[in-house]
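Q: If you scroll down you'll find the structure; I have some questions about it.
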Amino acid sequence: MSPARAALSLAGVAKTIKTPFSRRPGFTVGPLNLSISEGEIVGLIGANGAGKTTTLKLLLGLLVPDAGRIELAGVPLDRDSWQRDVGYLPEQPAFYDYLSGREFMRFVGDLFGLERKTLAARIESLLTRVGIAESAHRPIRTYSKGMQQRLGIAQALLNDPKVLLLDEPMSGLDPLGRLFVRDLLLELRAQGKSILFSTHVIPDAEYVCDRLALMKAGQMPAVGTFDELLGLPTGFEIAAVRATMPGAVPRPGEADRFIRRVEPSELTRAIDDVLSHGAHLVSVSPIRASVEDLLSSSNPESDK
Amino acid sequence: MSPLSSIRRLWAVAYNTFLESVRQRLFFGVVFFALLLMLTALVLKDISVHQDKKIVADIGLGAIDFFGTIIAIFLGADLVGRDIERRTLHLLLVKPLRRSEFILGRYLGLCLTLFTSVVLMSLGLAMALATVNGDFSANIGKAVYSLLLQLCLTGAIAVFFSTTSSRVLAILGSTVVAVLGRLTDVLKNASLIIEGFPDWLGKAMYFSLPNLLNFDLKNRAIYGDVLPGAILLDLTFYALAYSAALLALGALAFRRRDLK
Amino acid sequence: MKGLLALLVVGALTVPLTQIRIDASRDALGPEPDTSSVWTGRVVRALSGGYADLLADLYWMRAVQYYGRQKNAGAGFANLRPLLETAAELDHRFRIVYRYGAVFLSEPVPIGAGTPEVGVRFLALGAGRNPLDWRMRQEQGLFAFFYMNDPKGGSEILLQASKVPGAPPWMAALAAQILSRGGELEAALDMWRLIHEQSESGILRDNAVDQIKIVRSKIAARDAQEAIRRHREQSGGSMPTLAQYRRAGIIREVADLAGIEFTFDADTGAVSIARSSPLWRRN
């Protein structure tokens, strides 16, 4: 962790959520420890019910922690000014659906006290960026789930936040939409924004995240880069088309595709080999434990 | 955060609340029924033996009171709870919007809604009165203003319950308090009516419950009594003070409420 | 779906049929006693929660409907008083309830309840609750006179009414007139003298002067008539003219204060102010 001020940090944060009038012990989250730097994307990974949403809500003050300290953009959570630097997209965002998309953005902008002209320009640019500018005059209740998700992203960006907290940002989106969000996240990172987003779809995280924070049963058993968590690849699997690829076997079910497993040290030579035989390279995949494995293992690695 | 930006946020929430309320079927339905009732008054007057103006005024003011109360309770009790249930609040509270600003803004929006409904119903009353050659006198105007204060106070009761409980409980709680608030003269003298009822308890209830009967100037207005401005000023202060206390209490309770 | 429709139809048909049965069995039990419920006016008022005026209107309309229905059926007015009292309790200033209500209560059966004392008391209640309403007191006074044949009581009430601020100046005159018409002339004379003293010069004072003359003349006529009656009893005979009675020293006055001779009926011995006199008033 760099000594520079973290954009987001949790230290010893814990919360027990009880159903009132119930004798059941309740669901405990934490103690959680996590730090995110500027210009970093961290994925909060876990199965449904692992506590990802609860963690985000604790970060945003929607739930009051029983213990621990939270800082957003360097400001402790119980001060008033952190909201200006934070953008939040909840899971399945709910809007005032009798308002149009534009009206809703204006309402949010009023809450930020943004100057009218700046606000208007920014609204239009964001609505265009997320691709719903043409429907912005219609009431939100006429929007599809994907459109509502895009609007949610737009409102999260309205105040040009330094830190973004996104709960399942890809949910409800078709493949093009998911691609759009991924590209957007990378773009935002390039602008120096810090992003924490939760998902239970691991490939989404793998594509954009610098680090992962695993959540399981309310605990955060592991935080680190892919390499740190999963270890370095024990090998690589090269897939190619139409091989006369030495040492290759056909991929199960795919007569034209062939795969070959090689040691990490042999990777470059193997690729040259494949290409020199006139085959087309399809993919190169590391062989290592998967995140799914990590999540389902009974002995999670400790935080590195 | 400057006061000006706070006002802007309050207005944003208030106006949004107003739009939401007046686009609801409940609002229109209630106003419609009130106006319908005023039409009924025109029929009833014929069987009342030359009391047409009085009856039309009584029914009109009674309708504003009753239906306004329904709007105040049913819309007010929903104002916070529904946002929590639908999770629209989750989006809003991570903006620079204090929870207390949200509650106050919602309440102001409700007051705006109540004002609109009272104006509409008053227009209906004025038209009904004109039909029987009565007029919407300054006194009736004062009685209507007083009713508006009462409705805003009732709305504050409902918003308070909305911050602390679910929608159903909020409606129930508000209704109970609103009914008790109309029986304050009975409560005050409960020790005379009910054997063994401690006098101090009756008086305590009288001073602590919202005394909605304070705002009932209907009889005085209809009989043309002088209603000095000082009375209206006192009533305004009472409504403001009580509402402020309720909203503050609600905001305090809401501060630490978990939004699941 | 079909099952639900069937249920709906069966239910819809059953309801009116069952209602007919219920009505029949209820009739078989005999008529319900015409009791007023425990909801006395004060209880209703206490629970009215700010809707007292509206409820007053409703009770008043009920009273009117009840009066009309019972009158047509010739069925008596047992519930009339509680309905009126409740309406008046809900709105103390509901004048028409006292006024018309008193009529309904005071008119003789079968037009009304035939309870004038209740009617007058009801008006007294209204007058007490509305001390500045001289009209209420006026009604009360007139009712005492008309329905209870109590000119003295009525006149006293009217005099009270005349003292209410805003009462018209002729109210006291009315009080005195009632006394006079009721036969208590000395009291009327006193009242007119009082009025004469209290009135400023002008129409009222002049009227008082006239009325004093009338009453004094009436007193004179009455005294003369009384003296003649005594004489006829004692002597067994009668004289044909007033002048003869005066000459005989039996009476003192033969004319009213306008100087016009009284009318004398020699057969009955009645003495009254002559029709031709300016002091004559149709009774």
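The values are calculated or read from the model by the stated rules, or taken from the named source; none is laboratory data. This one's a predicted model, so the numbers in the text were calculated from it and none came from an experiment. Cβ coordinates were reconstructed from backbone atoms using ideal geometry, including for glycine residues, and neighbour counts include every protein chain displayed.
Q: Go through (1) buried (at least 23 other Cβ atoms within 10 Å of the Cβ); (2) within 19 Å of C:Ser48 (Cα to Cα); (3) small (Gly, Ala, Ser) and name the single condition B:Ala156 misses.
A: (2)
Q: Being more than 9 Å from every other protein chain (Cβ to nearest Cβ) and either under 24 Å from the mean Cα position of the chain (by Cα) or among the aliphatic types (A, V, I, L, M) (or both) narrows it down to one residue among C:Val64, C:Val44; which is it?
A: Values: C:Val64 fails: more than 9 Å from every other protein chain (Cβ to nearest Cβ).
Testing whether each residue is more than 9 Å from every other protein chain (Cβ to nearest Cβ) and either under 24 Å from the mean Cα position of the chain (by Cα) or among the aliphatic types (A, V, I, L, M) (or both) leaves just C:Val44.
Q: Regarding B:Thr184, is this residue surrounded by 15 or more Cβ atoms within 10 Å (Cβ to Cβ), polar (S, T, N, Q) and touching a residue at least 40 places away in the same chain (Cβ under 8 Å)?
A: No: the conditions fail for B:Thr184.
Q: Can you tell me which of A:Val108, A:Val86 is touching a Leu at 6+ places or on another chain (Cβ under 7 Å) and in contact (Cβ under 8 Å) with a residue 60 or more places away in the chain?
A: Only one candidate qualifies: A:Val86.
Q: Something else now. Examine the stretch A:121-138 for a residue that is over 16 Å from the mean Cα position of the chain (by Cα), within 20 Å of B:Leu97 (Cβ to Cβ) and in contact (Cβ under 8 Å) with a residue 40 or more places away in the chain, and state whether such a residue exists. Can you show your working first?
A: Initially, the stretch A:121-138 is screened for residues over 16 Å from the mean Cα position of the chain (by Cα), giving A:121-138.
Among the residues that remain, those that are also within 20 Å of B:Leu97 (Cβ to Cβ) are: A:122-123, A:126.
Cutting the leftovers down to in contact (Cβ under 8 Å) with a residue 40 or more places away in the chain gives us none.
Among the residues of the stretch A:121-138, not one is over 16 Å from the mean Cα position of the chain (by Cα), within 20 Å of B:Leu97 (Cβ to Cβ) and in contact (Cβ under 8 Å) with a residue 40 or more places away in the chain, which makes the answer no.
Q: Among the residues of the stretch B:26-40, are any hydroxyl-bearing (Ser, Thr, Tyr) and modelled with pLDDT of 90 or more?
A: No, the stretch B:26-40 has no match at all.
Q: Specify which of the listed residues (A:Glu134, A:Glu91) is assigned to a helix (DSSP H, G or I), more than 8 Å from chain B (Cβ to nearest Cβ) and more than 17 Å from B:Pro96 (Cα to Cα).
A: A:Glu134
Q: Report yes if some residue within the stretch B:170-193 is under 30 Å from A:Thr53 (Cα atoms) and in contact with a Phe, Trp or Tyr (Cβ under 6 Å, 6 or more places away or on another chain); otherwise report no.
A: Yes, the stretch B:170-193 contains a residue that is under 30 Å from A:Thr53 (Cα atoms) and in contact with a Phe, Trp or Tyr (Cβ under 6 Å, 6 or more places away or on another chain).
Q: If B:Ile157 satisfies every condition in (1) touching a residue at least 40 places away in the same chain (Cβ under 8 Å); (2) within 14 Å of chain C (Cβ to nearest Cβ) but one, which is the exception?
A: (2)
Okay, residues lined up against (1) surrounded by fewer than 16 Cβ atoms within 10 Å (Cβ to Cβ); (2) away from chain B (no Cβ under 13 Å); (3) charged (D, E, K, R); (4) not in a helix (DSSP H, G or I):
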position: A:Asn48; (1), (2), (3), (4): yes, yes, no, yes
position: A:Leu58; (1), (2), (3), (4): no, no, no, no
position: A:Trp82; (1), (2), (3), (4): no, no, no, no
position: A:Asp97; (1), (2), (3), (4): no, no, yes, yes
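Q: Restricting to the stretch C:89-115, and then to whatever is modelled with pLDDT under 90 and charged (D, E, K, R), can you tell me which residue is farthest from C:Gln138 (Cα to Cα)?
A: C:Glu107
Q: Let me ask another. Within the stretch C:104-117, which residues are in a helix (DSSP H, G or I) and surrounded by fewer than 17 Cβ atoms within 10 Å (Cβ to Cβ)?
A: C:Glu117
Q: How many of the residues in the stretch B:207-246 are within 14 Å of chain C (Cβ to nearest Cβ) and either more than 13 Å from the chain's Cα centre (by Cα) or not in a loop (DSSP other than H, G, I, E, B) (or both)?
A: Just the residues of the stretch B:207-246 that are within 14 Å of chain C (Cβ to nearest Cβ), to begin with: B:209-226, B:235.
Subsequent filtering for residues that are either more than 13 Å from the chain's Cα centre (by Cα) or not in a loop (DSSP other than H, G, I, E, B) (or both) retains B:209, B:212-215, B:217-226, B:235.
Of the residues in the stretch B:207-246, 16 are within 14 Å of chain C (Cβ to nearest Cβ) and either more than 13 Å from the chain's Cα centre (by Cα) or not in a loop (DSSP other than H, G, I, E, B) (or both).
Q: In the stretch A:202-233, what count of residues is obtained for those that are among the hydrophobic types (A, V, I, L, M, F, W, C), in contact with a Gly (Cβ under 9 Å, 6 or more places away or on another chain) and part of a strand (DSSP E or B)?
A: 5
Q: Okay, next question. Tell me, please, whether a residue that is within 22 Å of B:Leu149 (Cα to Cα), hydroxyl-bearing (Ser, Thr, Tyr), facing chain A (nearest Cβ under 10 Å) and in contact with a Ser or Thr (Cβ under 9 Å, 6 or more places away or on another chain) can be found in the stretch B:19-34.
A: No, that holds for no residue.
Q: So, in the stretch B:112-131, of the ones that are of a type outside the set (A, V, I, L, M), touching a residue at least 40 places away in the same chain (Cβ under 8 Å) and surrounded by fewer than 24 Cβ atoms within 10 Å (Cβ to Cβ), which residue ends up farthest from B:Asp258 (Cα to Cα)?
A: It comes out as B:Thr131.
Q: Name the residues in the stretch C:192-202 that are at pLDDT below 70 and within 28 Å of the chain's Cα centre (by Cα), would you? Can you show your working first?
A: From the stretch C:192-202, those at pLDDT below 70 are C:195, C:198-202; that's our starting set.
Of everything in the stretch C:192-202, those that are at pLDDT below 70 and within 28 Å of the chain's Cα centre (by Cα) turn out to be C:Ile195, C:Gln198, C:Ser199.
Q: Return the residue satisfying two criteria in turn: it lies in the stretch A:20-56 and is free of Cβ contacts under 8 Å to residues at least 24 places away in the same chain and out of contact with any strand residue (DSSP E or B) (no Cβ under 9 Å at 6 or more places or on another chain), and of such residues it is farthest from A:Gly218 (Cα to Cα).
A: Checking each candidate, the answer is A:Phe21.
Q: B:Gly224 versus (1) surrounded by fewer than 19 Cβ atoms within 10 Å (Cβ to Cβ); (2) over 30 Å from C:Asp57 (Cβ atoms); (3) not hydroxyl-bearing (Ser, Thr, Tyr): which is the lone unmet condition?
A: Result: B:Gly224 passes all but (2).
Q: Moving to a separate point now. Considering only the stretch A:99-119, how many residues are among the aliphatic types (A, V, I, L, M) and either away from chain B (no Cβ under 11 Å) or surrounded by fewer than 18 Cβ atoms within 10 Å (Cβ to Cβ) (or both)? Before the answer, list the steps.
A: Residues of the stretch A:99-119 that are among the aliphatic types (A, V, I, L, M), as a first pass: A:99, A:105, A:108, A:111, A:114, A:119.
When the remaining residues are screened for being either away from chain B (no Cβ under 11 Å) or surrounded by fewer than 18 Cβ atoms within 10 Å (Cβ to Cβ) (or both), the result is A:105, A:119.
Of the residues in the stretch A:99-119, 2 are among the aliphatic types (A, V, I, L, M) and either away from chain B (no Cβ under 11 Å) or surrounded by fewer than 18 Cβ atoms within 10 Å (Cβ to Cβ) (or both).
Q: Same structure again: Condition first: within 14 Å of chain B (Cβ to nearest Cβ) and either buried (at least 22 other Cβ atoms within 10 Å of the Cβ) or aromatic (Phe, Trp, Tyr) (or both). Now tell me which residues in the stretch C:67-82 satisfy that.
A: Within the stretch C:67-82, C:Tyr67 is the sole residue that qualifies.
Q: Among the residues of the stretch B:194-204 satisfying the criterion of being within 29 Å of the chain's Cα centre (by Cα) and not aromatic (Phe, Trp, Tyr), which is nearest to C:Ala46 (Cα to Cα)?
A: By that ranking, first place goes to B:Gly202.
Q: Being assigned to a helix (DSSP H, G or I) and more than 24 Å from the chain's Cα centre (by Cα) is the filter here, so list the residues in the stretch A:106-120 that pass it. If you could, list the steps in order and put the result at the bottom.
A: So in the stretch A:106-120, the residues assigned to a helix (DSSP H, G or I) come out as A:106-112, A:116-120.
A:Arg106, A:Phe107, A:Gly109, A:Asp110, A:Leu111, A:Phe112, A:Arg116, A:Lys117, A:Thr118, A:Leu119, A:Ala120, listed by residue number.
Q: So which residues in the stretch B:77-111 are hydrophobic (A, V, I, L, M, F, W, C), more than 9 Å from every other protein chain (Cβ to nearest Cβ), over 17 Å from B:Lys260 (Cβ atoms) and assigned to a loop (DSSP other than H, G, I, E, B), if there are any at all?
A: B:Ala77, B:Leu79
Q: Something else: So which residues in the stretch A:260-284 are small (Gly, Ala, Ser), outside any helix (DSSP H, G or I) and surrounded by 13 or more Cβ atoms within 10 Å (Cβ to Cβ)? Steps first, answer last, please.
A: So the first thing to find is which residues in the stretch A:260-284 are small (Gly, Ala, Ser), and the list is A:265, A:270, A:276, A:278-279, A:283.
Narrowing further to those that are outside any helix (DSSP H, G or I): A:278-279, A:283.
If the condition is that a residue be small (Gly, Ala, Ser), outside any helix (DSSP H, G or I) and surrounded by 13 or more Cβ atoms within 10 Å (Cβ to Cβ), then A:Ala279 is the only one that fits.
Q: When the stretch B:191-206 is examined, which residues are found to be surrounded by 11 or more Cβ atoms within 10 Å (Cβ to Cβ) and assigned to a helix (DSSP H, G or I)?
A: Result: B:Ser191, B:Leu192, B:Ile193, B:Asp199, B:Leu201, B:Gly202, B:Lys203, B:Ala204, B:Met205, B:Tyr206.
Q: Go through the residues of the stretch A:158-174 one by one and say whether even a single one is assigned by TED's automatic domain parsing to the domain that holds A:Phe104, assigned to a helix (DSSP H, G or I) and over 17 Å from A:Leu8 (Cβ atoms).
A: No, the conditions are met nowhere in the stretch A:158-174.
Q: Quick check on my filter: what residues within the stretch C:164-173 are farther than 11 Å from C:Asp133 by Cα and either exposed (fewer than 15 other Cβ atoms within 10 Å of the Cβ) or touching a residue at least 40 places away in the same chain (Cβ under 8 Å) (or both)? Spell out the reasoning first.
A: Start the filter on the stretch C:164-173 by keeping residues that are farther than 11 Å from C:Asp133 by Cα, which leaves C:168-173.
Hits for the stretch C:164-173 are C:Pro168, C:Trp170.
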